[in-house]
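Contents: one structure, followed by commentary.
The values are calculated or read from the model by the stated rules, or taken from the named source; none is laboratory data. As the structure is a computational prediction, the values presented were derived from the model and not from experiment. Cβ atoms come from the backbone with ideal geometry, glycine included; neighbour counts cover every protein chain shown. Ligands, DNA and RNA are excluded from the accessible area calculation, which covers all protein heavy atoms including side chains. Shrake-Rupley method; radii C 1.70, N 1.55, O 1.52, S 1.80 Å.
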Amino acid sequence: MPIRTCTTHDIPAICNIYNHYIAHTVITFEEAPVSVMEMQQRVAIHTQQFPWLVYEDEGKILGYAYASKWKDRSAYKHTAEVTVYLHPDYCSKGIGSLLYKALIEQLSALNIHALLACIAIPNTASERIHEQFGFRQVAHFREVGFKFGRWLDVGYWQKNI
């Protein structure tokens, strides 16, 4: 199967994918590129508790998905925030769905109960994939981000497993 756990060798490819979205979209609210070292630290922190998966085909990372802690308070220990990013040339090919399926299975095995996804609105593709997996929109925050000279909304989608 082309889905596997992320390794340090995957970090440069993950950075390239993520930095594309930073530079060209409002999908992420980060505005400065992330270095390989910074991404390596993020992966190390998240993987202490949650999975970080990559989709690899013929030696090329085409996408990744991971979970992270949603809040620091102990009562949130059964809740995780999830996300998926795809190489821009491989969107709408089912890779995101395969990554999310594998991620949700692993989170279920870890006794995670609630999954949350923060999505810049509008983002039809992201909304669609989350709803395909049973997520439902539970919040809409208006004009909470400012990028590329405009105010941006975000929504939260939730799924309990």
Most fluctuating residue given options S68, S108, S126, as computed from a GNM of the chain linking Cα atoms under 10 Å: S108
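Taking all protein chains together and a probe of 1.4 Å, list H113, H46 from the most accessible to the least accessible. Mind showing how you got there, number by number?
On the way: H113 95, H46 45 Å².
So, going from the largest accessible area down, we get H113, H46.
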Y76 - accessible surface, heavy atoms, 1.4 Å probe, Å² rounded to 10: 80 Å²
Positive-end extreme of charge dipole, the chain - chosen from I112, Q49, H24 (charges on Cβ): I112
Calculated [θ] (222 nm, deg cm²/dmol) that DSSP helices of n ≥ 4 give over the chain, each run adding -39,500 (n - 2.57): -9500 deg cm²/dmol
Separation of the K93 and H24 label points, Cα + 7 Å toward Cβ, nm: 1.4 nm
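What percent do you get for the relative contact order of region 3-161 when only Cα pairs under 8 Å and 6+ apart count?
So the answer I get is 20 percent.
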Nearest-10 value in Å² for the accessible area of T28, using the 1.4 Å probe: 10 Å²
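Going through region 101-155, which chymotrypsin sites (Phe, Trp or Tyr not before Pro) have at most 15 other Cβ atoms within 10 Å and a DSSP loop state? Working shown, then result.
Numbers: sites: F133, F135, F141, F146, F148, W151; in loops: F133, F135, F148.
Those satisfying the criteria are F148.
So which GluC sites (Glu not before Pro) in region 1-102 pass both tests, a DSSP loop state and at most 10 other Cβ atoms within 10 Å of the Cβ? Please report the intermediate quantities before stating the final value.
On the way: sites: E30, E31, E38, E56, E58, E81; in loops: E30, E31, E58.
Hits after loop and neighbour filter: E58.
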Euclidean distance between Cα centres, region 79-127 to region 1-30, Å: 13 Å
For region 65-142, Kirkwood radius (reciprocal of mean inverse C-alpha pair distance, Å): 13.4 Å
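Run the dipole for the chain about the Cα centre, Lys and Arg Cβ at +1, Asp and Glu Cβ at -1, nothing else charged, and hand back the magnitude in debye, nearest 20.
Numbers: 15 positive and 15 negative charges, 94 e Å.
The calculation lands at about 460 debye.
Dividing the convex hull volume of the alpha carbon atoms of region 25-104 by its residue count, what do you get in Å³ per residue? Before the final figure, lay out each step's value.
On the way: hull volume 9.8 nm³, N = 80.
That works out to 123 Å³ per residue.
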Potential extension, Q49-Q158 segment - 0.36 nm per residue separation minus Cα distance: 37.3 nm
